[in-house]
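Down below is the structure, laid out as structure tokens.
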Amino acid sequence: MSVLFEFAMFPTDKGASVSAYVSRLLRVIDEGTSRYRLTPMGTVVEVDTMDEALSIIKKCYEQLEPDCGRIYSTVKFDIRKGASGRLEGKIASVEEKVGKKLKT
């Protein structure tokens, strides 16, 4: 099974720049899986089970909770049985149909 999820999580009470807080979350994600992509608007992660996905999200929250009074988060899931490697595969499929490698 492949659980792809895209999420953003950050404090809303720490000013305009929250990259220091987001970097704390990337350390959590990096420890949990090597399959992820940071984007300007969030992070896309691929894991094998929903439990793994929810565990990463919970651990990220726990990184911010002690010193953040307000935390904003969004999460989207794409769960597919019998599949793997979709983090790269979905992009490759579109690039094949477009006929070129897309800018990243």
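FYI, it's all coordinate maths here, none of it is from the lab. A quick note: this is a predicted structure, and the numbers were derived from the prediction, not measured. Please note: Cβ atoms are built from the backbone with ideal geometry, for glycine as well, and neighbour counts cover all protein chains shown.
Each Lys and Arg Cβ is given +1 and each Asp and Glu Cβ -1; about its Cα centre, the chain then shows a dipole of about 460 debye.
Along the stretch 62-74 the Karplus relation, 6.51 cos²θ - 1.76 cosθ + 1.60 evaluated at θ = phi - 60°, assigns HN-Hα couplings of 5, 6, 8, 3, x, 10, 10, x, 8, 10, 9, 8, 10 Hz to successive residues, with x for each Gly and Pro. Considering only alpha-carbon pairs that sit under 8 angstrom and 6 or more positions apart, the relative contact order computed for the chain is 45 percent.
For the chain, the number of Lys pairs with C-alpha atoms closer than 20 Å, counting only pairs eight or more positions apart or on separate chains, is 8. Applied to the stretch 10-16, the Karplus parametrisation 6.51 cos²θ - 1.76 cosθ + 1.60 on θ = phi - 60° returns per-residue 3J(HN,Hα) values of 6, x, 9, 10, 10, x, 6 Hz, with x for Gly and Pro.
Computed 3J(HN,Hα) for the stretch 76-91, one whole-Hz value per residue from the Karplus formula 6.51 cos²θ - 1.76 cosθ + 1.60 where θ = phi - 60°, is 10, 10, 9, 10, 9, 6, x, 10, 7, x, 6, 4, 8, x, 5, 5, glycine and proline marked x.
As an equivalent ellipsoid, the chain spans semi-axes of 27, 17, 10 angstrom, where each value is the square root of five times an eigenvalue of the C-alpha gyration tensor, largest first. Taking amide H as placed 1.01 Å from N in the peptide plane, Arg35 has its amide H under 5 Å from the amide H of Glu46, each at least 5 places away in sequence or on another chain.
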